[in-house]
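> What follows is a single structure, and I will ask about it in a moment.
The values are calculated or read from the model by the stated rules, or taken from the named source; none is laboratory data. Owing to the predicted nature of the structure, the values given are computational and were not obtained by experimental measurement. Note that each Cβ is placed from the backbone with ideal geometry, even for glycine, and that neighbours are counted across all protein chains shown. These accessible areas exclude ligands, DNA and RNA; they are computed on the full protein's heavy atoms, side chains included. Shrake-Rupley method; radii C 1.70, N 1.55, O 1.52, S 1.80 Å.
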Amino acid sequence: MSNRDGKATVDALAGGGEVVLVVDDVPGSLGALCIDLDAEGYTVLVACDGASALARLDLVTPDAILLDALMPGLDGFETCRRIKAHAQWSHIPVIFMTGLSETSHIVKGFEAGGVDYVVKPVRTPEVLARLATHVRNARAVRMARDAIDVGGHGVLMVDAHQRIAWRSPRAQRWLGEFFALGRDDACFTWLNASADAYGEIRTRTLDERTLTARRLGSVGFGEVMWLLSLRADDAQAPSRLSTASLTPRETEVLSWIAKGKTNRDVGEILGMSPRTVNKHLEHVFEKLGVETRAAAAALASRELG
């Protein structure tokens with residue numbers, strides 16, 4: 001990309017708003033769409049091929065990408081795969097624009113990492129509706145990801161094909177330190193060391209530091225979320241309660257159980273039925289990795305004091 005192109009890209013962002021990168025080898029055919037996107041308040045950037053699109057991403061991270069599937073040179077499918085392989089870009093929703101409506105091509109687009117597709121000639125109202133949904137969802141995921149990072153943790157999402165769907169910046173940094181760059185297979189071997197279970201924990205030690213991964217379970221479409229944390233080996237290990245992610249109500253129930261109260265007693269104290277108390281306890285047992293009331297009570301007595 002020339003310096004002139006780079007300056008034009010930066011200048012285009014001066015107006016603020018959400019940014020959409022439109023990638024098509026015949027951008028003139030999408031002139032009406034770009035005008036309508038601009039009228040809706042989007043800042044529109046244009047690239048004429050896959051290589052130019054990747055160069056644009058070195059300058060700015062858009063909120064969404066509208067990507068032509070068939071282009072000379074680097075086609076849309078390979079461009080999307082390269083975008084999704086880059087940690088800083090992997091969260092960007094990619095919507096394919098294609099004249100190919102065969103199932104095999106649609107599947108190929110999703111396998112490359114696309115979240116949706118529209119068939120050419122594109123219909124502007126349809127594009128705007130899909131774009132708004134995916135930009136909103138991507139922003140929610142990004143905010144949640146950043147919030148986890150602020151809390152001192154990292155988050156990792158693994159899809160059904162054993163690929164990293166997305167990861168928080170902190171998780172990306174830790175994985176880069178503990179595993180060879182680009183060796184996602186080593187990471188998956190680590191995560192899949194034993195049977196899948198909620199709350200299951202993996203640890204890996206490097207340079208007197210321990211990386212811990214806690215399986216948080218499925219979050220839809222075959223994706224599994226892992227919560228990562230890092231501590232120095234000379235630091236005090238976190239208690240099981242502190243890492244169990246109990247809700248405030250579950251913590252209240254457990255504290256009364258630790259004091260020897262029955263389900264009926266706890267229900268009267270907290271204003272709920274004994275059956276509801278029992279349902280909370282089932283969740284507590286699962287999160288703590290225990291099977292009996294006595295084990296949960298003993299753990300709580302020891303760690304709550």
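> Find all pairs meeting these conditions: Cβ atoms under 6 angstrom apart; at least six residues apart or on different chains; first residue within the range 201-218 and under 17 Å from Gly152 (Cα atoms); second residue charged (D, E, K, R) and open to solvent by 80 Å² or more (accessible area, probe 1.4 Å).
Leu211/Arg204
> Grab the helices (runs of 4 or more DSSP H) fully contained in the range 1-101, keeping just those with 2 or more residues being within 20 Å of Val118 (Cβ to Cβ), open to solvent by 20 Å² or more (accessible area, probe 1.4 Å) and at pLDDT 90 or above.
31-39, 76-85
> When residues of the range 125-135 are filtered for being buried (at least 18 other Cβ atoms within 10 Å of the Cβ) and more than 17 Å from the chain's Cα centre (by Cα), how many remain?
3
> Counting residues that are closer than 30 Å to Asp36 by Cα, modelled with pLDDT of 85 or more and of a type outside the set (D, E, K, R), which helices (runs of 4 or more DSSP H) fully inside the range 102-212 reach at least 1?
Ranges flagged: 103-111, 124-150.
> Just to be sure, is Ser218 closer than 30 Å to Glu111 by Cβ and either at pLDDT below 70 or surrounded by 11 or more Cβ atoms within 10 Å (Cβ to Cβ) (or both)?
Against the criterion (closer than 30 Å to Glu111 by Cβ and either at pLDDT below 70 or surrounded by 11 or more Cβ atoms within 10 Å (Cβ to Cβ) (or both)), Ser218 qualifies.
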